[in-house]
Amino acid sequence: MEVIFYIAVLLCTIIEIIQLSDTKRIVNAIYRFKEDEKMTANLGIYTLASFYYWIILFIGLLSFQWYFFLLIIIMGFIPKGKYIWIRRVDSLITISILLFIVLNKFHFHINLF
């Protein structure tokens, strides 16, 4: 069961990489949705992926590396506004944390607490 969870964490990493590569389009779609209240198919998929991502993060709070998942959740509540570079930095930090979580579980075995 642990392996399935960490595969799900890797899927979250892929979601974050997609967000990093397409940040400008995602930000524009979010602001267009706020203006005309009409959700496109791509924004619906993004919303569904974000919902899955948050579920995995909250399940991660029950794992051995809960402090990293808590850090990602806290970073998610930081307002980013229209600034694309802040979103990209946030994505890079989140990708590195998620990769460290998976590598620490299967390779490093570092007990930080």
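The values are calculated or read from the model by the stated rules, or taken from the named source; none is laboratory data. Computed from a predicted structure; not experimentally measured. Positions of Cβ are generated from backbone atoms using ideal geometry, with glycine treated the same way; all protein chains shown enter the neighbour counts.
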Practice item. Considering only residues that are loosely packed, with under 12 Cβ neighbours inside 10 Å and not small (G, A, S), look in the stretch 68-82 and name the one that is modelled with the lowest pLDDT. Key: K82
Review point. Applying the selection to the stretch 93-107, what residues are exposed (fewer than 13 other Cβ atoms within 10 Å of the Cβ) and either acidic (D, E) or under 16 Å from the mean Cα position of the chain (by Cα) (or both)?
Key: S96
